[in-house]
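Trainee: Pasting in a structure now, in structure tokens, and then I'll have a few things to ask.
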Amino acid sequence: MEFASYLAGERWSDHPACTHPLLAALARLVNDNTTDESRSRLIHLVPSIIGLTSTDLRVDAHIALRCATTALPVAAAERQLALAVSVLAAEEMLARLNGVPPGRLSPRSQEAMDQVPQAAAQARRFSRAAKITEKGFRRYAAPNAVQLAVVGIVQACIEDPDTMLRDLLTAAIDDCSRLIQDTGTTNPAVPLPVAQPAS
């Protein structure tokens, strides 16, 4: 992120204005939790995050959803409930912002939840009782989803967490690129994932 601030002509900072704050947070977490050997492979992503910024809460929701759905199937059991709740919170926020009925999941979310049925059932019970505000989602729920996901991947019993982290960051950048125009406004022409009924 410091290199991004330099390339964007900003003051040297790991919180540059040229990148969406939550995407920048994900980039910092991936960088900090990647081995020295793999960290050098992140540098080519830097130019692609410059200019990706918007105040549209849907961007936060898509980043949180990408992180939570990626980590949920591989995370340890003690992290699965929180990640499943994060999936449902992001889906609910997207439904609210897009003016569609809540309670439906995108195919990626449904696939992730299906892999952890016990945590998914607990998360649905919890989510029915807890309603989140847009302010609370942006300030707490979305950043927590990103942090939980990175830690969940780092501590997962998988062969190559570095590659999974890099792929997660790349996918989040691609999601943001589809949602954000160079001017920093959300592109209304970008289709959102078709949601399926939650089971």
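The values are calculated or read from the model by the stated rules, or taken from the named source; none is laboratory data. Everything numeric in this text was worked out from a predicted model, so none of it was measured. Cβ coordinates were reconstructed from backbone atoms using ideal geometry, including for glycine residues, and neighbour counts include every protein chain displayed.
Trainee: Scan region 97-110 residue by residue and report those that are touching a residue at least 24 places away in the same chain (Cβ under 8 Å) and in contact with a helix residue (DSSP H, G or I) (Cβ under 8 Å, 6 or more places away or on another chain).
Mentor: Selection gives L97, N98, G103, R104, L105, S106, R108, S109.
Trainee: Here's another thing I want to ask about it. Just to be sure before I move on: is R125 part of a helix (DSSP H, G or I), more than 16 Å from the chain's Cα centre (by Cα) and not small (G, A, S) in the structure I sent?
Mentor: Yes; evaluated as a whole, the condition is true for this residue.
Trainee: Look at V87 and say whether it is in contact with a helix residue (DSSP H, G or I) (Cβ under 6 Å, 6 or more places away or on another chain) and either at pLDDT 95 or above or buried (at least 16 other Cβ atoms within 10 Å of the Cβ) (or both).
Mentor: yes
Trainee: For region 95-120, how many residues meet the condition of being surrounded by 13 or more Cβ atoms within 10 Å (Cβ to Cβ) and outside any loop (DSSP other than H, G, I, E, B)?
Mentor: Total meeting the criteria: 13.
Rundown of residues vs (1) modelled with pLDDT of 90 or more; (2) outside any loop (DSSP other than H, G, I, E, B); (3) under 19 Å from R139 (Cα atoms); (4) in contact with a Leu (Cβ under 6 Å, 6 or more places away or on another chain), yes/no style:
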position: F3; (1), (2), (3), (4): no, yes, no, no
position: Y6; (1), (2), (3), (4): no, yes, no, no
position: R41; (1), (2), (3), (4): no, yes, no, no
position: V46; (1), (2), (3), (4): no, yes, no, no
position: T55; (1), (2), (3), (4): yes, no, yes, no
position: D60; (1), (2), (3), (4): yes, yes, yes, yes
position: C67; (1), (2), (3), (4): yes, yes, yes, no
position: E78; (1), (2), (3), (4): yes, yes, no, no
position: L83; (1), (2), (3), (4): yes, yes, yes, yes
